[in-house]
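Engineer: Below is one structure. I have some questions about it.
The values are calculated or read from the model by the stated rules, or taken from the named source; none is laboratory data. On a predicted model such as this, the values are computed, not experimentally measured, just so you know. When we count neighbours, we look across all protein chains shown, and the Cβ atoms used for this are built from the backbone with ideal geometry, even at glycine.
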Amino acid sequence: MVAMKKVKLFQIVFTDPSKSFYCGGDKVCGRVEVEVNEVTRVSAVKALALGCAKVEYAKGKQRCRQEAEYLRHEEVLRLDDQPTDADGSVVLRPGNKYEYIFAFELPQQGQLVSSYKGKFGYVHYYVKAVMERPQQPNLECKKSFEVEEPLDVNTPDLLSPTGGMKEKKVTCMFIPDGQVSLNAKIDRRGFCEGEDICINAKFENTCSRIVVPKAAIIAKHIYQANGRTKVFRQKLSSVRGNHIISGMCDAWQGKTIRVPKIKPSMLGSNIIRVEYALMIYIHIPGSEKLILELPLVIGTAGLGSRTNSVSSQEGSVSNASQSWVSLRMPSDPPSCCDISRNFSLDQPLTPLLDDFDGDDSPIFMNTSAFPFPPSPPAYSEVEEDYHANPHMLPVC
């Protein structure tokens, strides 16, 4: 909204202010409201709709910048039942409220990029109104609107399973110290926020250290400018498994991690991309992690076709015993871990070792005494206890 000496009100109002976002092919409608304090002659009122992406960051002493345009629409607005002069100008008088109506259609789906605001760039859509007055400076006002391009994850490619295998040899003072390995699989690559990712995995530890398997959802923000690429990574949520001592292995059968409330993947821009991955890794004290990354595509919810995706998720649990027969556990007597416990016993009073993701993690066991349950972890590493399968197998 703009307010000046002669112009009392100059603002843009969308017809449906409750609409949170627009999609490709939607019509954007609104009006430009004008009120004046004294008689004012207006040559023209124009509406300009713009959508652009911009990337900017420093690379050493160089400043990298790149822009891309996705939307440009311009029209001259008219007042209904308002007399105009020969040159098209109108006279606005105090005490009246004037409304200039505008409407335009967004390009079809696939031609726009969803709105975005990140650390080194943004994708911004807005409507700008310009009031031209004879022998006076132009007045401008802007109004932003959000665009969210639909991304359906119920395609054969994104509903197919994916997985991988990694192993790493561990050394201590250049002396071989065994190895760790992981083999993991998920039932599909496409998810929406609020859904659970079902993980089946097997971990083996033949080194002398106590290791911890973990999984996390990672966001990768990729910025491209001046022929250079900058990647900014974020850990969004994570879970962890049991400690695995030397000579033992452990398995996850249907362990889940929930997709948090996040923006869908952004894959249509040539200068800004947002990609997601499920990182399954083994924390090894005194050594670099063993990491396996499985790419994910986060889609838009509410497309009316989530049934297939959810069915695939439910079927993955029932099929886990068929596709992961080698991970089936032998029948054991009931474990004390299965007995109901109060909250004070949810964490062992003497953990096997201090488990951090920093480079200064200890290799050897360190007894830490505390009378109460530990405080919640930092937001960047939200850990969850795992009680689904407390058993461990010796390495074969």
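Engineer: Being outside the structural domain of residue 23 (by TED's automatic domain parsing), at negative phi and out of contact with any Ser or Thr (no Cβ under 6 Å at 6 or more places or on another chain) is the requirement here; does residue 245 meet it?
Structural biologist: For residue 245, the condition - outside the structural domain of residue 23 (by TED's automatic domain parsing), at negative phi and out of contact with any Ser or Thr (no Cβ under 6 Å at 6 or more places or on another chain) - is met.
Engineer: Quick one: what pairs do we get from the range 130-147, first residue more than 30 Å from residue 117 (Cα to Cα) and in the same structural domain as residue 39 (by TED's automatic domain parsing), second assigned to a strand (DSSP E or B) and not aliphatic (A, V, I, L, M), C-beta under 6 Å, 6+ apart or different chains?
Structural biologist: That search, which allows pairs on different chains as well, returns 132/138; 134/41.
Engineer: Continuing with the same structure: Taking the range 259-279 on its own, how many of its residues are in contact with a Phe, Trp or Tyr (Cβ under 9 Å, 6 or more places away or on another chain) and either free of Cβ contacts under 8 Å to residues at least 60 places away in the same chain or among the β-branched types (Val, Ile, Thr) (or both)?
Structural biologist: Of the residues in the range 259-279, 7 are in contact with a Phe, Trp or Tyr (Cβ under 9 Å, 6 or more places away or on another chain) and either free of Cβ contacts under 8 Å to residues at least 60 places away in the same chain or among the β-branched types (Val, Ile, Thr) (or both).
Engineer: Could we say that residue 87 is part of a loop (DSSP other than H, G, I, E, B), without any contact (Cβ under 8 Å) to a residue 40 or more places away in the chain and not β-branched (Val, Ile, Thr) here? First the steps, then the outcome.
Structural biologist: Working: part of a loop (DSSP other than H, G, I, E, B): yes; without any contact (Cβ under 8 Å) to a residue 40 or more places away in the chain: no; not β-branched (Val, Ile, Thr): yes.
Criteria not met by residue 87.
Engineer: To continue, here is another question. Counting only residues that are crowded, with 16+ Cβ neighbours inside 10 Å and aliphatic (A, V, I, L, M), give me the strands (runs of 3 or more DSSP E) lying completely in the range 153-245 with at least 2 of them.
Structural biologist: Values: elements: 162-172, 175-186, 196-205, 212-225, 228-240.
In the range 153-245, the matching strands (runs of 3 or more DSSP E) lie at 175-186, 196-205, 212-225, 228-240.
Engineer: Can you pull out the residues in the range 43-61 that are among the charged types (D, E, K, R) and crowded, with 16+ Cβ neighbours inside 10 Å? Full working, then the answer.
Structural biologist: As a first pass, look at the range 43-61 and keep what is among the charged types (D, E, K, R): 46, 54, 56, 59, 61.
Of everything in the range 43-61, those that are among the charged types (D, E, K, R) and crowded, with 16+ Cβ neighbours inside 10 Å turn out to be 46, 54.
Engineer: Turning to a different aspect of this structure: Would you check which residues across the range 8-18 are touching a residue at least 12 places away in the same chain (Cβ under 8 Å) and either among the aromatic types (Phe, Trp, Tyr) or exposed (fewer than 15 other Cβ atoms within 10 Å of the Cβ) (or both) and list them? Spell out how you get there, then give the answer.
Structural biologist: First, pick out the residues of the range 8-18 that are touching a residue at least 12 places away in the same chain (Cβ under 8 Å): 8-16.
Hits for the range 8-18 are 10, 13, 14, 15, 16.
Engineer: Pull out all pairs, ordered by first then second residue, where Cβ-Cβ is under 8 Å, the residues are six or more apart or on different chains, the first lies in the range 20-42 and is outside the structural domain of residue 113 (by TED's automatic domain parsing), and the second is assigned to a loop (DSSP other than H, G, I, E, B) and among the charged types (D, E, K, R).
Structural biologist: none
Engineer: Another question, if that's okay. Please specify each residue of the range 92-123 satisfying the condition of being among the β-branched types (Val, Ile, Thr) and either within 23 Å of residue 149 (Cβ to Cβ) or in contact with an Asp or Glu (Cβ under 6 Å, 6 or more places away or on another chain) (or both). Can you show your working first?
Structural biologist: Taking the range 92-123 as the starting set, the residues that turn out to be among the β-branched types (Val, Ile, Thr) are 101, 113, 123.
Correct list: 113, 123.
Engineer: Quick check on my filter: what residues within the range 123-139 are at pLDDT below 95 and either closer than 30 Å to residue 272 by Cα or not in a strand (DSSP E or B) (or both)?
Structural biologist: Within the range 123-139, 134, 135 qualify.
Engineer: Could you look through the range 246-261, keep only residues that are closer than 23 Å to residue 299 by Cβ and surrounded by 17 or more Cβ atoms within 10 Å (Cβ to Cβ), and pick out the one that is farthest from the chain's Cα centre (by Cα)?
Structural biologist: Restricting attention to the range 246-261, the residues satisfying the condition of being closer than 23 Å to residue 299 by Cβ are 254-261.
Subset that is surrounded by 17 or more Cβ atoms within 10 Å (Cβ to Cβ): 254-257, 259.
Details: 254: 23, 255: 21, 256: 18, 257: 15, 259: 9 Å.
Ranking the candidates gives 254 first.
Engineer: Looking for something among the basic types (Lys, Arg), more than 27 Å from the chain's Cα centre (by Cα) and not assigned by TED's automatic domain parsing to the domain that holds residue 262 - is there at least one such residue anywhere in the range 99-118? Write out each step before concluding.
Structural biologist: Quick first cut of the range 99-118, residues among the basic types (Lys, Arg) only: 117.
Imposing the further condition that a residue be more than 27 Å from the chain's Cα centre (by Cα) reduces the set to none.
No, there is no match, as no residue in the range 99-118 is among the basic types (Lys, Arg), more than 27 Å from the chain's Cα centre (by Cα) and not assigned by TED's automatic domain parsing to the domain that holds residue 262.
Engineer: From the list 70, 57, pick out the single residue that is part of a strand (DSSP E or B), in contact with a Pro (Cβ under 9 Å, 6 or more places away or on another chain) and of a type in the set (Phe, Trp, Tyr).
Structural biologist: Details: 57 fails: in contact with a Pro (Cβ under 9 Å, 6 or more places away or on another chain).
Answer to the selection: 70.
Engineer: How about the range 288-315: which of its residues are closer than 12 Å to residue 197 by Cα and modelled with pLDDT under 95?
Structural biologist: 309, 310, 312, 313, 314
Engineer: Among the residues in the range 270-277, are any of a type outside the set (Ser, Thr, Tyr), out of contact with any Gly (no Cβ under 9 Å at 6 or more places or on another chain) and surrounded by 20 or more Cβ atoms within 10 Å (Cβ to Cβ)? Spell out how you get there, then give the answer.
Structural biologist: Let us first name the residues in the range 270-277 that are of a type outside the set (Ser, Thr, Tyr), namely 270-275, 277.
Narrowing the set further to residues that are out of contact with any Gly (no Cβ under 9 Å at 6 or more places or on another chain) leaves 270, 273, 275, 277.
Add one more test, that the residue is surrounded by 20 or more Cβ atoms within 10 Å (Cβ to Cβ), and what stays is none.
The answer is no, given that none of the residues of the range 270-277 is of a type outside the set (Ser, Thr, Tyr), out of contact with any Gly (no Cβ under 9 Å at 6 or more places or on another chain) and surrounded by 20 or more Cβ atoms within 10 Å (Cβ to Cβ).
Engineer: Condition first: polar (S, T, N, Q) and either within 12 Å of the chain's Cα centre (by Cα) or over 20 Å from residue 120 (Cα atoms) (or both). Can you find one or more residues in the range 268-276 that meet it?
Structural biologist: Keep residues of the range 268-276 that are polar (S, T, N, Q), which gives 269-270.
Keeping just the survivors that are either within 12 Å of the chain's Cα centre (by Cα) or over 20 Å from residue 120 (Cα atoms) (or both) gives none.
The answer is no; no qualifying residue exists.
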